[in-house]
Structure formats: structure tokens, C-alpha cells
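The values are calculated or read from the model by the stated rules, or taken from the named source; none is laboratory data. None of the values given here were measured: they were computed from a predicted structure. For the accessible areas, the whole protein counts, side chains as well, though only heavy atoms, and no ligand, DNA or RNA atoms are used. Shrake-Rupley method; radii C 1.70, N 1.55, O 1.52, S 1.80 Å.
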Amino acid sequence: MIIKVKIPFPKSKYKSIHTKIDDINFSSKLEGRYYTHLKNLQSKGVVTFFLLQVPFRLPGGVKYLLDFMVFYADGNIEYVDVKGVVTAIYKLKKKQVEALYPIKIKEIFKI
């Protein structure tokens with residue numbers, strides 16, 4: 001007898017609840033809500049488009065994944081990371097990205 005068990009997401013070490021919206025897996029409900037917020041802004045014409053999980057290369061072969069890169073209709077670009085828990089590694093990587101690239105990362109803690 002074969003029993004199939006579907007486990008949709010791995011457990012999070014920070015107790016965030018994984019969410020799936022529009023067939024996209026998000027690591028937290030907050031990240032999913034921010035995605036929905038951006039889609040709403042896009043439907044109103046405020047946001048032209050946005051990218052998810054944008055990689056930035058750092059020294060030593062390290063990669064930083066930015067949650068959202070948002071392109072506004074007025075020409076502005078916003079670099080957004082949705083955070084439930086701020087870790088020391090995140091702080092270090094954020095500092096490196098902002099030093100190496102001409103960007104400022106906006107942190108979202110709640111919506």
C-alpha cells in the first residue's frame with residue numbers, strides 16, 4: 001500500500017507561516033500580503049511592474065536575495081525586503097549590498 005502525503009512547505013525556523021498566492025510560494029504571510037498590496041497598486045496604475053527574489057552578488061560567492069524590486073509609474077524604483085525577524089547575517093548582507101550597489105533597501109515589518 002502506498003500512502004501519499006503532501007507537505008506543502010518546509011517548517012520555518014522563525015515560525016513564519018509559508019503562503020502560496022497565484023501559484024507563488026512566499027516564505028511568510030507578510031511577504032504574501034505585500035505581494036497582494038503591490039498587485040493592488042499595479043491594478044491602480046501606481047506600480048508599473050515588480051520583480052520577485054532579485055539576486056545581488058556579493059564578494060566570496062555570496063548571494064543576497066531581495067524580496068521585491070518595485071517599478072513605479074513615476075519612474076522611481078524601490079528595493080524592498082519584507083522582514084519578520086532581522087538576523088545578524090541579514091544586517092551584514094544588507095550593508096554589503098548597499099555599499100556595493102547604488103541602492104537603499106526599504107524594510108517592511110508589517111502592512
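A few points about this structure:
- Accessible area per residue was computed with a 1.4 Å probe on protein heavy atoms; Leu51 scores about 70 Å².
- When Lys20, Lys63, Lys95 are compared by accessible area at a 1.4 angstrom probe, the order from most to least is Lys95, Lys20, Lys63.
- For Ser28, residues with placed amide H under 5 Å, excluding near neighbours: Thr19
- Phi angles across segment 46-61 convert, under the Karplus curve 6.51 cos²θ - 1.76 cosθ + 1.60 with θ = phi - 60°, into 3J(HN,Hα) values of 6, 10, 6, 6, 8, 10, 10, 6, 7, x, 10, 8, 10, x, x, x Hz, Gly and Pro given as x.
- Accessible surface calculations at 1.4 Å, restricted to protein heavy atoms, place segment 46-111 at 61 Å² per residue.
- Applied to segment 84-98, the Karplus parametrisation 6.51 cos²θ - 1.76 cosθ + 1.60 on θ = phi - 60° returns per-residue 3J(HN,Hα) values of x, 10, 9, 9, 5, 5, 4, 4, 5, 5, 4, 4, 5, 4, 5 Hz, with x for Gly and Pro.
- As a fraction of the 1.4 Å probe accessible area of segment 14-106, surface on carbon and sulfur atoms comes out at 57 percent.
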